[in-house]
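Participant: Provided herewith is a single structure, encoded as structure tokens, for subsequent inquiry.
Bear in mind these aren't lab numbers, they're just calculated from the coordinates by the rules spelled out. Please read all numbers here as calculations on a predicted model, not as lab measurements. Counting neighbours? That spans all protein chains shown, and the Cβs are built from the backbone with ideal geometry, glycine included.
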Amino acid sequence: MTAFSNMLAPLDLGFTTLRNRIVMGSMHTGLEDRFWNYGKLAAYFGERAKGGTALMITGGIAMNRQGWLLPAAGTMNTYGDIINHRRVTSAVHEHDGKILMQVLHAGRYAYHPFSVSSSSVKSPINPFKPKAMSEKLILQTIKDYAHTARLAQLAGYDGIEIMGSEGYLLNQFICSRVNQRTDRWGGSVENRMRLPLEIVKAVREKVGPNFILCYRLSLIDMVPGGNTWEEVVTIAKALEAAGINILNTGIGWHEARVPTIATQVPRAAFRSVTARIKKELKIPVMASNRINTPEMCDDIVASGDADLISMARPLLADPDFVNKAAAGQPEAINTCIACNQGCLDLTFSNQRATCLVNPRAGYETELVYVKARKSKKVAVVGGGMAGLTAATVAADRGHEVTLFEAAADIGGQFNMAAAVPGKEEFQETIRYYRNEVARTGVQVKLNSKVTAEQLAGFDEVVIATGVKPRTPRFPGVDHPKVLNYPQVLRGEAEVGQRVAVIGSGGIGVDMCAYLLEEHNQSVEHWAKYWGVDFEVQENGLKAPERRFAQREITMLQRKPGQKKMGAGPGKTTGWAHKALLGQFGVKMMAEVEYLKVDDLGLHIRVGGTEEHILDVDHVILCAGQESVTDLIPRDAEGKITDRRYHVIGGAKLAGELDARRAIREGAELAASL
């Protein structure tokens, strides 16, 4: 039997066939919103179709102005819109893929003042309060959905996906959390689901039977006022009867207190609810959320838990995911580590989405790797993310590359990140680079502290020596109680029960997780402490069980503003990190001046007045980093004197550890050599 034969099996929809079970789920890239970016969007989807993905779903496209996510967001409501979209569909069809356009009405999630919803109930994550939709506007919106679907059909799309989950408009109608109406569009579940049903019927009538109609339904809302499982089943069956071909599964609202796709969520955590809804329906059902390996995809299909697998971020990370799996080379896949730093963090900051581990994602026409005209001898100093990217891309382009690494293994800071509970996925990136180093023929010299003399014979020298921990200056910083974060994360020191962590950024948060959390949590363990009810007796939530901390931890920062402490660097995940610290009872103190460390503990002054002694066993320094630049030849003004030298990653700028920048700089430099 062929490896991964279940996920690679075709799926017959009657009037058309999907070549395998892998779907690139919808993810907003920012390219959808401006017509001049549709060439880039076409290349983005075309590359993934070429990589073997059976079906792709675009980021959300609005059907009218009220439905915009942002002012002037991507819209499909005139015949003139067809031209640009045909570039996208043609690029996908050229490689025998299929593509759906997601039709999305933001409802109260719209970031503009003319937003509308089922009722005038403001979202906790949006400053704008929506207006309640009138009967006239509801009926017009139904027509707009159908009109947009027809335009999508004319543009060459194989179908559309109607976005009805994650808390957007249709989710706002079907849940009493937002829907407070007393007319025929509110009240009972039969009334609340009327709008999505009428939309499906209108679309089906407009586009005919031979057009894929996928509906994304929230199976587990995880917000107060969300639907019960009985209501979810009622809605799903009604959608099936109304004419959808595929049910895609949405998980949670954007305002839910439970993380649903971040790296600390166990793989395929929600497959059980997908399996439950599949038993209720005859049409194919799609699983989603935190599925990122071919082994997991194949197992879900083989077990009958789902017919299709939706993966957005894993196909950002590696557009050739399917082809590599089909070739029996899963070790060659650049696995999504669910960090959100290159995709969702940028999307929610109104920037173009990309991928931390794949800087070409969203930049396929701009970051291009072509064979070098002349092979050069290239030295790369440093085997962290920046150095590994520079080395492997340069070697793949035809250069003769030698990688020098002072440590006993490659991976740099990622080795420490992978030691943090909830970040075990980071080891996958190191595994990927091991494979790339072997594939591209990079010569690796470990345990090598290279000298300038050794670099003399190279045509190009890439300095990717990374960072070292910054040591604050105060008396007693060399006391035995004081440790730095590498000592702890590398397992070089035993840490006591009472701990002070100096620094409340990403490293400080990771340190707390390392000292408190369990590694490789099971789905059951994770759900218990986050309060997830997979039975969906009410809304998918239950009271989380109390955490019992193994240690007493106090997190400290110099700057004022305790509310910002412990959030970590991620815009879309920082709140979850802060919630975790709260569950474990981590004490946070801001505006702290460090006076000294002695046998009594850490002496501090808070707010410029109060002096305290924290009776702790250890003080762990997570106070930032400094660049390692010893090898860089500079003049008195700090300018590099040897044109062969190029500095990237942490060696160029320490700041907050930024793997996304490091990898991008490595790729861009290697592409230019």
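Participant: With +1 on the Cβ of every Lys and Arg and -1 on the Cβ of every Asp and Glu, and nothing else charged, how large is the dipole of the range 471-623 about its Cα centre, in debye rounded to the nearest 20?
Facilitator: The dipole of the range 471-623 has a size of about 540 debye.
Participant: Now a separate question. Where does the range 11-339 land on Rg(C-alpha)/(2.2 N^0.38 Å)?
Facilitator: On the way: Rg = 18.4 Å, N = 329, 2.2 N^0.38 = 19.9 Å.
Its radius of gyration relative to the 2.2 N^0.38 Å reference: 0.93.
Participant: While we're looking at this one, here's another question. Computed over the Cα atoms of the range 220-359, what is the ratio Rg over Rh, Rh following Kirkwood? Please report the intermediate quantities before stating the final value.
Facilitator: Numbers: Rg = 16.1 Å, Rh = 16.3 Å.
Using only Cα positions, Rg/Rh for the range 220-359 is 0.99.
Participant: Sort Met511, Met385 so that the residue with the fewest other Cβ atoms within 10 Å of its own Cβ comes first and the one with the most comes last.
Facilitator: Met511, Met385
Participant: Kindly provide the trypsin sites (Lys or Arg not before Pro) of the range 334-405 that DSSP labels as loop, not H, G, I, E or B, and whose Cβ sees at most 13 other Cβ atoms within 10 Å.
Facilitator: Lys371, Arg373, Lys374
Participant: Let me ask something else. Taking only the alpha-carbon positions of the range 114-193 and ignoring solvent, what does the Debye formula give for the base-10 log of I(q)/I(0) at q = 0.14, 0.16 Å⁻¹?
Facilitator: -0.52, -0.66
Participant: Something else now. Cut-off is 10 Å between beta-carbons; in what order do Val223, Val628, Val203 appear when sorted fewest neighbours first?
Facilitator: Values: Val223 24, Val628 19, Val203 28.
The order, fewest Cβ neighbours first, is Val628, Val223, Val203.
Participant: May I ask for the distance between the Cα centers of the range 408-445 and the range 136-205, given as a whole number of Å?
Facilitator: A separation of 46 Å, based on Cα centres.
Participant: Now for a separate question. Pulled fully out, how much extra length does the chain show between Ser5 and Lys596, if you take 0.36 nm times their separation in residues and subtract their Cα-Cα distance?
Facilitator: 206.5 nm
Participant: Label Glu280 and Gln497 with points 7 Å out from Cα along Cα→Cβ: what is the distance between them in nm?
Facilitator: About 4.9 nm, to one decimal.
Participant: What is the mean projected area of the alpha carbon convex hull for the range 1-86, to one decimal in square nanometres?
Facilitator: Mean shadow area of the hull around the Cα atoms is 7.2 nm².
Participant: Quick one: go through the range 629-646 and flag any residue whose amide nitrogen is under 11 Å from the point 7 Å out along the Cα-to-Cβ line of Ala406.
Facilitator: Of the residues in the range 629-646, 629-631 have backbone N under 11 Å from the label point off Ala406.
Participant: Write down Rg/Rh for the chain, rounded to two decimals, with Rg from the C-alpha atoms and Rh from the Kirkwood relation over Cα pairs.
Facilitator: Rg divided by Rh gives 0.99.
Participant: Another one. Sort largest first and round to whole Å: the equivalent ellipsoid semi-axes of the range 44-106, each the square root of five times a Cα gyration tensor eigenvalue.
Facilitator: Each semi-axis is the square root of five times an eigenvalue, giving 24, 12, 8 Å.
Participant: So for the pair Asp635, Ala579, with labels modelled 7 Å out along Cα→Cβ, what separation do we get in nm?
Facilitator: Inter-label distance under the simple model: 5.5 nm.
Participant: How far is the Cα center of the range 596-673 from the Cα center of the range 27-57, in Å?
Facilitator: Centre-to-centre (Cα) distance: 37 Å.
Participant: Between Ala241 and Glu524, what length comes free when the chain is fully extended (0.36 nm per residue of separation minus the Cα-Cα distance, one decimal in nm)?
Facilitator: 98.5 nm
Participant: Using only the alpha carbons of the range 89-132, what is the convex hull's orientation-averaged projected area in square nanometres?
Facilitator: Dividing the Cα hull surface by four gives the mean projection, 4.4 nm².
Participant: Output the Cα-based Rg and Dmax of the range 471-623 in Å, rounding Rg to one decimal and Dmax to a whole number.
Facilitator: Radius of gyration, then largest Cα-Cα span, for the range 471-623: 16.8, 57 Å.
Participant: OK, next. Using a Förster distance of 22 angstrom, determine the FRET efficiency expected from the C-beta separation of Lys201 and Ser90, and round it to 0.05.
Facilitator: It comes out at approximately 0.15.
Participant: For the range 319-362, state what percent of all Cα-Cα pairs lands in each successive 5 Å bin, counting from 0 Å until the bin that includes the largest distance.
Facilitator: 5, 24, 23, 18, 14, 9, 5, 1
Participant: Once you place label points 7 Å from the Cα toward the Cβ at Val121 and Asp533, how far apart are they in nm?
Facilitator: Output for this residue pair reads 1.7 nm.
Participant: Given a Förster distance of 56 angstrom, what is the FRET efficiency for Ser448 paired with Thr182, based on the Cβ-Cβ distance and rounded to 0.05?
Facilitator: Efficiency, from the Cβ-Cβ distance: 0.15.
Participant: Let me understand the range 554-673 better: what is its radius of gyration from the alpha carbons, and its Dmax, in angstrom?
Facilitator: Radius of gyration, then largest Cα-Cα span, for the range 554-673: 19.7, 56 Å.
Participant: Also, quick follow-up: Where in the chain are the DSSP H helices whose C-alpha atoms run 18 Å or more along the long axis and whose mean Kyte hydropathy is at least -1.0? Numbers along the way, then the final one.
Facilitator: Details: long enough: 135-154 (29 Å, -0.13); 194-207 (20 Å, 0.08); 229-242 (20 Å, 0.56); 426-440 (21 Å, -1.21); 659-672 (20 Å, -0.31).
Taking the DSSP H segments of the chain (at least 18 Å long, mean hydropathy at least -1.0), we get 135-154, 194-207, 229-242, 659-672.
Participant: Sorting Arg643, Arg558, Arg216, Arg661 on the 10 Å Cβ count, fewest up front, what's the list? Present the calculation step by step, with values, prior to reporting the outcome.
Facilitator: Working: Arg643 8, Arg558 14, Arg216 27, Arg661 21.
Result, fewest neighbours first: Arg643, Arg558, Arg661, Arg216.
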